[in-house]
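Below is one structure, written out as structure tokens, with a few remarks after it.
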Amino acid sequence: MSISKIGAADYCSGWYKTRRMANQAEGNDFEGKMGNVNHTQSTGFALHISNPEDGEAIGAMADHEGSVTVYKPKDFNPANPVYKVKIWDSNGNVTERMVDVSKVDPGNCDEIDMFAYSSHLTDSGKCPGAQSAFMGAKSYNHSSNSSNSIFDKENWMDIVKEVMQMQYDAGNLKGYLDYKQFWDFLGKE
């Protein structure tokens with residue numbers, strides 16, 4: 001299995017396209033100087049991160065369906081953790097959703113709510129590896145079930161448990177413990 005199967009190409013290409021567009025706007029085109037990154041750039045992923053009007057971005061991801069960014073609104077209240085989530089489809093159309101992470105059910109929610117929840121857990125320090133573990137589980141889930149949409153409800157507890165077990169079976173103790181910490185935290189909530 002190559003590293004691109006667990007989502008590394010998604011992050012790299014989103015960063016590369018965003019950075020490349022900024023450099024071209026400044027008159028600097030570094031085409032051909034990034035080695036094999038050129039291959040991932042051709043996928044056309046666009047990662048949307050910075051937008052001060054929406055608040056502080058605490059998480060962003062991109063894949064073939066588009067990109068998702070989680071914002072901590074300016075009027076954020078930790079006692080009532082509601083985040084603004086913007087979703088761009090592959091055509092650049094944007095939709096917004098407010099996610100109250102205290103109401104997210106990891107056993108039955110879509111990828112958008114789970115990403116907001118894991119971003120919250122990482123940003124708040126409650127489970128520092130949550131966002132990373134979710135991204136790995138998301139990538140595994142998409143490679144296993146290519147027909148999934150970010151709007152499909154999933155049992156993320158089962159998905160994380162499956163990835164955790166896969167890490168254990170492969171002898172990757174660190175990977176196993178990273179997913180186990182996230183899975184244990186989800187089970188306590």
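The values are calculated or read from the model by the stated rules, or taken from the named source; none is laboratory data. For clarity, every value in this text was computed on a predicted model and none was experimentally measured. Ideal geometry is used to build each Cβ from the backbone, glycine not excepted, and the neighbour counts take in all protein chains shown. Side chains included, ligands, DNA and RNA excluded: accessible areas come from the protein's heavy atoms. Shrake-Rupley method; radii C 1.70, N 1.55, O 1.52, S 1.80 Å.
Taking the criterion of being loosely packed, with under 13 Cβ neighbours inside 10 Å and assigned to a helix (DSSP H, G or I), the residues of segment 159-183 that qualify are Asp169, Leu173, Lys174.
Every residue, every condition in (1) within 19 Å of Gln165 (Cβ to Cβ); (2) outside any helix (DSSP H, G or I), yes or no:
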| position | (1), (2) |
| --- | --- |
| Asn91 | no, yes |
| Thr95 | no, yes |
| Val99 | no, yes |
| Phe115 | no, no |
| Ala137 | yes, no |
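Among the residues making up segment 51-64, a single one is within 16 Å of Asp113 (Cα to Cα) and not hydrophobic (A, V, I, L, M, F, W, C): Gly59.
Residue-wise test of (1) within 24 Å of Ala133 (Cα to Cα); (2) modelled with pLDDT of 50 or more.
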| site | (1), (2) |
| --- | --- |
| Ile3 | yes, no |
| Ala9 | yes, no |
| Lys33 | no, no |
| Val82 | yes, yes |
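Taken over segment 62-89, the residue count meeting the criterion of being in a strand (DSSP E or B) and surrounded by 15 or more Cβ atoms within 10 Å (Cβ to Cβ) is 16. If only residues of segment 90-133 that are closer than 19 Å to Asn80 by Cα and of a type in the set (Ser, Thr, Tyr) are counted, the one that is most open to solvent (accessible area, probe 1.4 Å) is Ser102. Of the conditions (1) in a helix (DSSP H, G or I); (2) open to solvent by less than 60 Å² (accessible area, probe 1.4 Å), Ile150 satisfies every one except a single condition; which number is it? So Ile150 meets the others, but not (1). Within segment 147-154, does at least one residue satisfy the condition of being over 14 Å from the mean Cα position of the chain (by Cα), over 14 Å from Glu111 (Cα atoms) and not basic (Lys, Arg)? For segment 147-154, residues over 14 Å from the mean Cα position of the chain (by Cα), over 14 Å from Glu111 (Cα atoms) and not basic (Lys, Arg): absent. In the condition set (1) part of a helix (DSSP H, G or I); (2) under 28 Å from Asn80 (Cα atoms), His142 is compliant with all but (2).
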